[in-house]
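Asks: The structure that follows is given in the form of structure tokens.
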Amino acid sequence: MVKQEPFYLEQFADKWENSADITLAETCSCAVSINELQTLVGAELDISKILDKQLGYGWIYGSEELKTQISKIYETISNKDIVITTGGIGANFLSFYSLIEKGDHVIVVDPAYQQLSSLPELFGAEVSFWKLKEENGWQPDLQELKSLVKYNTKMIILSSPNNPTGAFISIDDLNKIIDIAKSNDLYILSDEVYRPLFHSVPKDEIPKSIVDLYEKGISTGSMSKAFALAGLRLGWIACKNVPFVEDCLNKRDYNTISVTPINDMIATFALTHKDILLKRNESLCIKNLQIVKKFVDESNGKLKFVPPSTGTTCLIKVVGVNDTNQLCLDLIKEYKTLFIPGETFQYPGYLRVGYGSSTQDVIEGMTNLLKYLNK
Ligand SMILES: Cc1ncc(COP(=O)(O)O)c(C=O)c1O
């Protein structure tokens, strides 16, 4: 039996989410129902098509319509470059399962979603953490990356937009990372499940996806975050490297077969109207982020953060509190309010705040946090 590290963040969230009335633990843009989606985009899903759809396995590799819509998120990707998976989590899993083996070395940005380091380790790789520093605005240090590359390095793993910091890798830095990868013949896997939620970034500063910049770039994406449809459990890998895509498809036969055809149809509909859906989620993030900023400003120095510009999450430092795990347990017990403790990212003293969910939760959650800290 392969020994697998517990997924600290997911286990904390699973354990406590039912005890909470208010949550800032969510990382998805506030989820929409099919009815809300239809109203929002001003079009109707062909429900009769869904009702008539025979529920066999459906399109084994995902429908061509779905892949066409996904390819439009990118500039240079076509249907053959896309592998449909069960969520972004399935996309990351399949990518590592295909590429990583014993004796490999990978470099992963830190902090990041635990899956991005635990899985390469599970598949036998040595993992080096490329620390993003708060004092640098959670931006990467390229000299440090160079010093981490070894003879057996196979992959650089990025998370941009980043969970938990909400920072993104700039066009300039991305190009420099690609130069380092090219000169060492490395893959770059960029977890882009929060793409294209660049809600507070000027248009001309939004970087292209890694797959539109680098042949050995792998982008993992999802309906969950930017498109507010986590319940579809639908994600994808996009990559122009043919042997890698073929290998993913081969390995996928063992763990996916297909995603449900109904979800394929709903995702296709949502992505057909993606600009409207995205606008709704961007506006929500901008509005809720202003609220978070206001609470941080009014905390009398008890809270500090680097305001995020992308995604749905940020890391807030709770000044003078080291045990944020206990803080989160107290907030659940006393205020039925759920935050994710920084400990789940190995960053004690911080809270991971998901501000993409309901505005009401953001207001009440931040109010409760300050009430607790001011006691
Ligand atoms: C960075 C990152 N990658 C992947 C996932 C998995 O999400 P999903 O499987 O819903 O796409 C998450 C979920 O929080 C995440 O934050």
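The values are calculated or read from the model by the stated rules, or taken from the named source; none is laboratory data. Note that the coordinates shown come from a computational prediction; the quantities given were computed from them, not determined experimentally. Every residue, glycine among them, receives a Cβ derived from its backbone with ideal geometry; neighbour counts consider all protein chains shown. The area values use the complete protein model at the heavy-atom level, side chains included, leaving out ligands, DNA and RNA. Shrake-Rupley method; radii C 1.70, N 1.55, O 1.52, S 1.80 Å.
Asks: For segment 168-196: of the residues being assigned to a loop (DSSP other than H, G, I, E, B) and in contact with a Leu (Cβ under 7 Å, 6 or more places away or on another chain), which is nearest to GLU282 (Cα to Cα)? Don't jump to the end; show me each part of the working.
Replies: Going through segment 168-196, the residues assigned to a loop (DSSP other than H, G, I, E, B) turn out to be 168-170, 184-186, 192-196.
Restricting the remaining residues to those that are in contact with a Leu (Cβ under 7 Å, 6 or more places away or on another chain) gives 169, 196.
Details: ILE169: 19, PRO196: 10 Å.
Per the stated criteria, the residue is PRO196.
Asks: Which condition breaks for SER200 when tested against (1) within 16 Å of the ligand (Cβ to nearest atom); (2) under 19 Å from THR27 (Cα atoms)?
Replies: (1)
Asks: Does segment 334-344 include one or more residues that are surrounded by fewer than 21 Cβ atoms within 10 Å (Cβ to Cβ), out of contact with any His (no Cβ under 6 Å at 6 or more places or on another chain) and of a type in the set (A, V, I, L, M)?
Replies: no
Asks: Contact list please: Cβ distance under 8 Å, first residue in segment 78-95 and within 13 Å of SER63 (Cα to Cα), second residue within 9 Å of the ligand (Cβ to nearest atom) and in a helix (DSSP H, G or I), pairs at least six apart or on different chains.
Replies: VAL83/ALA91; THR85/ALA91
Asks: Let me ask something else. Checking GLU343 against (1) over 23 Å from the mean Cα position of the chain (by Cα); (2) of a type outside the set (Ser, Thr, Tyr); (3) modelled with pLDDT of 95 or more: exactly one of these is not met. Which one?
Replies: Tallying (1) over 23 Å from the mean Cα position of the chain (by Cα); (2) of a type outside the set (Ser, Thr, Tyr); (3) modelled with pLDDT of 95 or more, GLU343 fails exactly one: (1).
Asks: Could you check segment 57-68 and list, in sequence order, the residues that are under 27 Å from GLN115 (Cα atoms) and of a type outside the set (Phe, Trp, Tyr)?
Replies: Looking only at segment 57-68, we keep the residues that are under 27 Å from GLN115 (Cα atoms), and these are 60-62, 66-67.
Scanning segment 57-68 gives ILE60, GLY62, LEU66, LYS67.
Asks: Testing SER19 on (1) among the polar types (S, T, N, Q); (2) over 22 Å from the mean Cα position of the chain (by Cα); (3) not assigned by TED's automatic domain parsing to the domain that holds GLY311, one condition comes back false. Which one is that?
Replies: For SER19, the exception is condition (3).
Asks: Those residues that are among the polar types (S, T, N, Q) and either in a helix (DSSP H, G or I) or crowded, with 16+ Cβ neighbours inside 10 Å (or both), I need them from segment 258-300; list them, please.
Replies: Filtering segment 258-300 down to residues among the polar types (S, T, N, Q) leaves 258, 260, 263, 268, 272, 281, 283, 288, 290, 299-300.
Answer for segment 258-300, where residues must be among the polar types (S, T, N, Q) and either in a helix (DSSP H, G or I) or crowded, with 16+ Cβ neighbours inside 10 Å (or both): SER258, THR260, ASN263, THR268, THR272, ASN281, SER283, ASN288, GLN290, SER299.
Asks: Does ALA181 satisfy being in contact (Cβ under 8 Å) with a residue 60 or more places away in the chain and not charged (D, E, K, R)? Steps first, please.
Replies: Numbers: in contact (Cβ under 8 Å) with a residue 60 or more places away in the chain: no; not charged (D, E, K, R): yes.
So ALA181 fails the test.
Asks: Still on this structure: Mind listing whichever residues of segment 160-198 are closer than 12 Å to SER219 by Cβ, polar (S, T, N, Q) and open to solvent by less than 10 Å² (accessible area, probe 1.4 Å)?
Replies: Selection gives SER190 alone.
Asks: Between a residue in segment 11-23 that is closer than 21 Å to ASN288 by Cα and any residue that is modelled with pLDDT under 95 and of a type outside the set (Asp, Glu), which pairs come within a Cβ distance under 8 Å, given they are 6 or more apart or on different chains?
Replies: Pairs found: THR23/SER357.
Asks: May I pose another question? Exactly one condition in (1) touching a Gly at 6+ places or on another chain (Cβ under 9 Å); (2) over 25 Å from GLY124 (Cα atoms); (3) charged (D, E, K, R) is not met by ASP204; state its number.
Replies: (1)
Asks: In segment 310-326, how many are more than 25 Å from the chain's Cα centre (by Cα) and in a helix (DSSP H, G or I)? Lay out the reasoning, then the answer.
Replies: Narrowing segment 310-326 to residues more than 25 Å from the chain's Cα centre (by Cα): 319-323, 326.
This time we only want the ones that are in a helix (DSSP H, G or I), so: 326.
Residues flagged as more than 25 Å from the chain's Cα centre (by Cα) and in a helix (DSSP H, G or I) within segment 310-326 amount to 1.
Asks: Let me ask something additional. Taking segment 285-320 on its own, how many of its residues are over 14 Å from LEU197 (Cβ atoms) and either of a type in the set (S, T, N, Q) or within 16 Å of the ligand (Cβ to nearest atom) (or both)?
Replies: Qualifying residue count for the region: 4.
Asks: Please specify each residue of segment 234-255 satisfying the condition of being within 16 Å of the ligand (Cβ to nearest atom) and open to solvent by 30 Å² or more (accessible area, probe 1.4 Å).
Replies: ASN255
Asks: Among (1) closer than 21 Å to LEU278 by Cα; (2) in contact (Cβ under 8 Å) with a residue 24 or more places away in the chain; (3) among the small types (Gly, Ala, Ser); (4) open to solvent by 30 Å² or more (accessible area, probe 1.4 Å), where does SER33 come up short?
Replies: (2)
Yes/no matrix, rows are residues, columns are (1) away from the ligand (no atom under 12 Å from the Cβ); (2) surrounded by fewer than 24 Cβ atoms within 10 Å (Cβ to Cβ); (3) aliphatic (A, V, I, L, M):
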{"residue": "LYS80", "(1), (2), (3)": "yes, yes, no"}
{"residue": "THR85", "(1), (2), (3)": "no, no, no"}
{"residue": "GLY103", "(1), (2), (3)": "yes, yes, no"}
{"residue": "GLN114", "(1), (2), (3)": "no, yes, no"}
{"residue": "LEU122", "(1), (2), (3)": "yes, yes, yes"}
{"residue": "VAL127", "(1), (2), (3)": "yes, yes, yes"}
{"residue": "GLU135", "(1), (2), (3)": "yes, yes, no"}
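Asks: Would you say GLY231 is within 11 Å of the ligand (Cβ to nearest atom) and surrounded by fewer than 19 Cβ atoms within 10 Å (Cβ to Cβ)?
Replies: Working: within 11 Å of the ligand (Cβ to nearest atom): yes; surrounded by fewer than 19 Cβ atoms within 10 Å (Cβ to Cβ): yes.
Taking the combined requirement at face value, the residue satisfies it.
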